[in-house]
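Chemist: Take this structure, written in structure tokens, and hold onto it; I'll ask about it next.
The values are calculated or read from the model by the stated rules, or taken from the named source; none is laboratory data. On a predicted model such as this, the values are computed, not experimentally measured, just so you know. We place every Cβ from the backbone using ideal geometry, glycine too, and count neighbours over all the protein chains shown.
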Amino acid sequence: MPALALCLFFSGTVHAKTLGVVGKVYPIAERDALEEIEERAGQVDWQSALNEQRPENFRPPNLVPLPRAARERFFLVDMTYTLDFNIPDGQGGILYPRGFRFNPLDYVPFNQTLVVIDGEDPEQVDWLKASPWVGQPDTLILLSGGAFSEIGQKLGRAVFYAVRGLVERFQLKAVPCVIRRQGRMMEVREIEIPVK
């Protein structure tokens, strides 16, 4: 133990020594990284960049604008899906082969109501505010247009966007519409709002 303490004591008194330059030395060719970052940051219009990224300006790139429903209409959508590829079982076999058909409603309880509106149409927003669905916690409100933050504030609840995959899956053609489960199918009901 005293030998270790002695080594530690003497190691503090050892000084580094410059041994000189060995080999050819070249000047640094790269620009100073900090200078380059500062230069690029100075070229950005930060005010417009911040305005573009504001939540109220957000629109998903796959948003599908839908026209206003011209009449009352309802139809059923079969949710059956056909696999277009094999799903392996992880042991060299196939769990579900390509062509396998299944209905997700047979496996997943789906008791939500989906209400889709165009948030840019004030009459549709007013219709939804007066409807029984806006106050039900199991209702999911989706927008085919409009600002989700603004509509969410008006309705006092969270709203989401009806993106292309959802619109195509439920075969939506017009809004407002209400989507609910009917056994092994989904019922889509387009609602006509009288023009004021």
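Chemist: Taking the stated definitions as given, is VAL159 in contact with a Phe, Trp or Tyr (Cβ under 9 Å, 6 or more places away or on another chain), crowded, with 20+ Cβ neighbours inside 10 Å, of a type in the set (Val, Ile, Thr) and at pLDDT below 95?
Modeler: yes
Chemist: Of the residues that sit in the range 94-112 and are touching a residue at least 60 places away in the same chain (Cβ under 8 Å) and over 14 Å from ARG180 (Cα atoms), which one is surrounded by the most Cβ atoms within 10 Å (Cβ to Cβ)?
Modeler: Per the stated criteria, the residue is ASN103.
Chemist: Which ones in the range 128-153 are modelled with pLDDT under 90 and among the charged types (D, E, K, R)?
Modeler: GLU150 - this is the single residue of the range 128-153 that is modelled with pLDDT under 90 and among the charged types (D, E, K, R).
Chemist: Moving to a separate point now. In the range 142-196, which residues are in contact with a helix residue (DSSP H, G or I) (Cβ under 7 Å, 6 or more places away or on another chain), within 12 Å of VAL125 (Cβ to Cβ) and not charged (D, E, K, R)?
Modeler: If the condition is that a residue be in contact with a helix residue (DSSP H, G or I) (Cβ under 7 Å, 6 or more places away or on another chain), within 12 Å of VAL125 (Cβ to Cβ) and not charged (D, E, K, R), then LEU143, ALA147, ILE151, LEU155, VAL159, VAL175, PRO176, ILE193 are the ones that fit.
Chemist: PRO61: modelled with pLDDT under 85 and under 23 Å from GLN171 (Cβ atoms), yes or no?
Modeler: For PRO61, the condition - modelled with pLDDT under 85 and under 23 Å from GLN171 (Cβ atoms) - is met.
Chemist: What are the residues in the range 133-155 that are over 26 Å from MET79 (Cα atoms), surrounded by fewer than 14 Cβ atoms within 10 Å (Cβ to Cβ) and more than 21 Å from the chain's Cα centre (by Cα), if any?
Modeler: Once the filter is applied, which keeps residues that are over 26 Å from MET79 (Cα atoms), surrounded by fewer than 14 Cβ atoms within 10 Å (Cβ to Cβ) and more than 21 Å from the chain's Cα centre (by Cα), the range 133-155 yields only GLY135.
Chemist: Follow-up question, since we're still on this one. Which members of the range 64-82 meet the condition of being modelled with pLDDT of 90 or more and either in a helix (DSSP H, G or I) or among the aliphatic types (A, V, I, L, M) (or both)?
Modeler: Scanning the range 64-82 gives LEU66, ALA69, ALA70, LEU76, VAL77, MET79.
Chemist: Right, ALA3: outside any loop (DSSP other than H, G, I, E, B), at pLDDT below 85 and under 26 Å from the mean Cα position of the chain (by Cα) or not?
Modeler: no
Chemist: Something else: Quick one: which residue in ALA158, ALA162, ALA174 is without any contact (Cβ under 8 Å) to a residue 24 or more places away in the chain and of a type in the set (A, V, I, L, M)?
Modeler: Exactly one residue qualifies, and that residue is ALA158.
Chemist: Within the range 65-93, take every residue that is among the polar types (S, T, N, Q) and within 27 Å of the chain's Cα centre (by Cα) and give me the one that is surrounded by the most Cβ atoms within 10 Å (Cβ to Cβ).
Modeler: Per the criteria, the residue is THR80.
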